[in-house]
Amino acid sequence: MIGVKAAIFSLVVSVNRALKRAALARYVHGCVESIDRAQCRVERNKVLSQLWRSGRVDEARQVFDKMTDKDEFSWNTMVAAYANAGRLGEAREVFYETPCKSCITWSSLISGLCRYGYDSVAFELFEEMRAEGVEATQYTLTSLLRACSSNRWLVGSEQIHAHAVKTGNDLNVYVVTGLVDVYAKCDCIWEAEYLFDVMPDRNYVLWTAMLTGYAQSGDGYTAIDCFKRMRSEGVESNQFTFPSVLTACALVLALDFGKQVHCCIVKSGFEPNVFVKTSLVDLYAKCGDLGSARIILENMVGNDVVPWNSMIVSCVRQGFEQESLSLFKTMLARNMKIDDYTFPSVLNSVASVMDLRSSKSVHSLIFKTGFEASKPVSNALVDMYAKKGDMQCAFEIFSHMLDKDVVSWTSLVTGYAHNGHYEDALKVFCDMRVEGVRPDQFVIASVLSSCAEFTVLELGRQVHANFMKTNLNSSLSLDNSLITMYAKCGCIEDAQKIFESMQLRDVVTWTALIVAYAQNGKGEESLLLYENMIGSGIKPDFITFVALLFACSHVGLVEKARGYFESMGAVYGIQPGAQHFACMIHLLGRSGKLDEAEALLSQMTTKPDSIIWKALLSACRTHKNLDLAEKAASNLFELEPTNSAPYVMLSNIYSASGRWEEAARVRRVMKTKGIGKEPGCSWFDINGKVHRFVSEDRSHLRMAEIYSKLDEIMTLIKDAGYVPDNKSVPDNKSALHDTDEEGKELGLAYHSEKLAVAYALLVVPQGAPIRIFKNLRVCADCHTAMKFVSKSYQRHIILRDCNCFHHFKGGACSCGDYW
């Protein structure tokens, strides 16, 4: 029995041992299989990574699909592969199929969305990530900040900043670098400085971001100081640092310091870098050292077009148009690849030198190379032809553009305005608004200038009001245009308000208001404003003195005018021009100092032009100096043989002196030569419609009402003491001296400005000023009549003739009857 038990025990022990050996074998086999699978997965993940990094995304997807045991790395790699390749739809499909998403999974897709411009989708995904409770890493935040920086999106960057503070990433050097970059680009340089200063450990990337921020914001001196601090702290510069500090040197024309930076570049071995060399070319060119710029340019390896473009732009900006054209010819000779940044600068040069042959050649080359479809090139073509005064070609190019932006419209509007086609400029601007294009400061300034020249106040007010509703910042040029527009439309108070609201003023600003006061009968205020300008440190220019002498001329301040005239050369080194002499001659002539006016002609270094002789002839008319009048008229007949003004003025001088035969002879000469007198015309604008009148006009639809109102006016003002000035009757009939008194009075009553004021009294609401414009000088009779009308009807009448504004109020005129 005992033996049986022993045998059974021995058998059990043997079985147990066999079972243990089998289990161990199975375990070992399982371990080996697990190791093999892990090694296989690692190998496959390695292959997967290599494939997507080499751009073979489809092959990577094939490997991915064959993997039966995908891990987190596999899924993340496939999301990153599609995202980096720009195949964002497929990236999102894999992303949402990923069983367990880590922060890397989210960051990979967000980074791809930001890289390819889907910023709003990236931010939506970021919000979804936060909702899922996944913590964003520095890579997620820096990707989003780069997107904000590219779009200058301040609100989005502030949201990321707030999140970084909450999650403790606000001292991460990469996140702070991104914040510094985006704040600087959004003109929040103070915020960028603060983040930079509180950062305990600053690497070269952060230093470069801060330095670049200063340079991009236009603060060249602070950028240079930042570079000096960076060097003093032992932080090395690289190919990104040097271009920024060179840009800063170019901004403030710090050529000497730029040369020191150039030495650092040579020592550090970054001179061959194309971005560094391009910045060096830009520095030397902008600082006027074109020789050094060209040496660097021509020693560059390869034919990179960027530095050549930079050199051409610098030459254009400094007025070296021929040099820029020479560079362009060299580029063509070297068979360089011209791009759509080259042609606009070349076209600017061609426009400046006014070379028609070169402009046609460049245009032909643009057409042959297919760049006519490029928006920047087409815009430059419109601008070039506009500057040459060929508005037909400019419009044709503009009309063939399929994709017009605000620059396209601005080029055409500005071209029309600069060439005196003010109505066309306003029509194009209205078309621009209909098309839904949002105007910028440049086009608004041109439109306001057109409103000023075309004297359309209501449209000017609308443009001003619309601009105020936008978020656009005003500019010095735009504010100056506003002052000019209101001044030329007779709204001197509005011009003054704009002036007072301006934080920055230049000589154009002050001069615009000086002219405004002078033209609106406030000569004394003009001179006081000039003294304030000098007190503020602004030096006068050529136009300022024209305005001052004009003001003195219309107030009769002879001695003041002499002082200003003499100070031009003695104090400010400004050579008097024809306009200054004309103002002085006009003033001396009106003051009865015709001998002195004639003597002033001999002081001119150039031959007197028509402006001078017109001023002298006008003075002769006032003081009936026939001999000098004949001399002035004779010169005008030679200078402007088709202009009727000198013939009419000389005829009137003869008539006023009772020399009827001579007056008739001048009229016969006019008729023989086919020279017609420019008809007097008056107009005013109400509710967007211009109403135009000529003398004895019968064409208006409401003419019966107008003549009835005019009869009422004449009766009323005669009762108030008005006496018709029959000397103002134009001597345009064969028997000038035989015209009866009643006929003369009727002729005076139906002058264009009287018809205009009659209609204005019918349609302009009580209390609103009546604004009338006339192409010729207002006659003495109409001037007197307007004073009586303003008093009898208690209306403010603003009449602008070819000389100045007349503000009639309460029976008096702002010119003091001296115009």
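The values are calculated or read from the model by the stated rules, or taken from the named source; none is laboratory data. In this text the structure is predicted, and so the values were computed from the model without any measurement. Every residue, glycine among them, receives a Cβ derived from its backbone with ideal geometry; neighbour counts consider all protein chains shown. Side chains are part of the model used for accessible areas, which takes the heavy atoms of the whole protein and leaves out ligands, DNA and RNA. Shrake-Rupley method; radii C 1.70, N 1.55, O 1.52, S 1.80 Å.
Here are some notes:
- Here T606 meets each of (1) of a type in the set (S, T, Y); (2) assigned to a helix (DSSP H, G or I); (3) at pLDDT below 90 with one exception, condition (2).
- Residue, most open to solvent (accessible area, probe 1.4 Å), within segment 247-286, restricted to residues that are among the β-branched types (V, I, T) and in a helix (DSSP H, G or I): V266
- Among the residues here, M311 does not qualify as within 24 Å of V346 (Cα to Cα) and out of contact with any Leu (no Cβ under 7 Å at 6 or more places or on another chain).
- Test result for L171, open to solvent by 60 Å² or more (accessible area, probe 1.4 Å) and closer than 27 Å to T140 by Cα: yes
Okay, residues lined up against (1) in a strand (DSSP E or B); (2) touching a strand residue (DSSP E or B) at 6+ places or on another chain (Cβ under 6 Å); (3) at pLDDT 90 or above:
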position	(1), (2), (3)
V648	no, no, no
P679	no, yes, no
S682	yes, yes, yes
D685	yes, no, no
R692	yes, yes, yes
E696	no, no, no
E712	no, no, yes
L716	no, no, yes
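- L478 vs. criteria of a type in the set (A, V, I, L, M, F, W, C) and assigned to a helix (DSSP H, G or I): yes
- Within the set E158, E135, E97, the sole residue that is open to solvent by 10 Å² or more (accessible area, probe 1.4 Å) and under 28 Å from A60 (Cα atoms) turns out to be E97.
- Checked against the criteria, D289 counts as of a type outside the set (A, V, I, L, M), open to solvent by 20 Å² or more (accessible area, probe 1.4 Å), closer than 25 Å to F242 by Cβ and in contact (Cβ under 8 Å) with a residue 24 or more places away in the chain.
- Test: residue in segment 436-444 that is without any contact (Cβ under 8 Å) to a residue 12 or more places away in the chain and more than 28 Å from L347 (Cα to Cα): yes
- Qualifying residue in segment 652-670 (condition: within 22 Å of K774 (Cα to Cα), in a helix (DSSP H, G or I) and not β-branched (V, I, T)): yes
- Residue list for segment 292-315, restricted to those being out of contact with any Phe, Trp or Tyr (no Cβ under 6 Å at 6 or more places or on another chain) and open to solvent by 30 Å² or more (accessible area, probe 1.4 Å): R294, I295, E298, N299, V301, G302, N303, D304, V306, V313
- Among the residues of segment 316-326, those that are more than 15 Å from L283 (Cβ to Cβ), open to solvent by 40 Å² or more (accessible area, probe 1.4 Å), assigned to a helix (DSSP H, G or I) and of a type outside the set (D, E) comprise Q322, S326.
- Any hit, segment 65-80, residues being closer than 28 Å to A164 by Cβ, assigned to a helix (DSSP H, G or I) and either charged (D, E, K, R) or without any contact (Cβ under 8 Å) to a residue 12 or more places away in the chain (or both): yes
- Any chance A561 is surrounded by 23 or more Cβ atoms within 10 Å (Cβ to Cβ) and part of a helix (DSSP H, G or I): yes
- Annotation note: Cβ proximity below 7 Å between a residue of segment 748-767 that is touching a residue at least 12 places away in the same chain (Cβ under 8 Å) and over 13 Å from Y793 (Cβ atoms) and a residue that is open to solvent by 10 Å² or more (accessible area, probe 1.4 Å) and among the β-branched types (V, I, T) (sequence gap 6+ or interchain) occurs for L748/V729; S752/V694; V763/I686.
- Filtered residues of segment 681-690 (kept if surrounded by 14 or more Cβ atoms within 10 Å (Cβ to Cβ) and either touching a His at 6+ places or on another chain (Cβ under 7 Å) or free of Cβ contacts under 8 Å to residues at least 24 places away in the same chain (or both)): W683, F684
- Of all the criteria given as (1) of a type in the set (S, T, N, Q); (2) under 23 Å from T142 (Cβ atoms); (3) at pLDDT 80 or above, the one not satisfied by S49 is (3).
- D201 fulfils the conditions (1) open to solvent by 50 Å² or more (accessible area, probe 1.4 Å); (2) charged (D, E, K, R); (3) assigned to a helix (DSSP H, G or I) except for a single criterion, (3).
- The residue of segment 489-520 that is nearest to H554 (Cα to Cα), among those that are outside any helix (DSSP H, G or I) and either in contact (Cβ under 8 Å) with a residue 60 or more places away in the chain or β-branched (V, I, T) (or both), is N520.
- Leading residue by the ranking (most open to solvent (accessible area, probe 1.4 Å)) among those in segment 445-472 that are of a type outside the set (S, T, Y) and under 21 Å from V507 (Cα atoms): E453
- Single residue of segment 691-701 satisfying the filter (in contact (Cβ under 8 Å) with a residue 12 or more places away in the chain and either open to solvent by 30 Å² or more (accessible area, probe 1.4 Å) or of a type in the set (S, T, N, Q) (or both)) that is farthest from V778 (Cα to Cα): H700
- Residues in segment 529-547 that are open to solvent by 30 Å² or more (accessible area, probe 1.4 Å) and either at positive phi or touching a helix residue (DSSP H, G or I) at 6+ places or on another chain (Cβ under 9 Å) (or both): 8 in all.
- Per-region count, segment 393-416, residues open to solvent by 40 Å² or more (accessible area, probe 1.4 Å) and out of contact with any Phe, Trp or Tyr (no Cβ under 8 Å at 6 or more places or on another chain): 8
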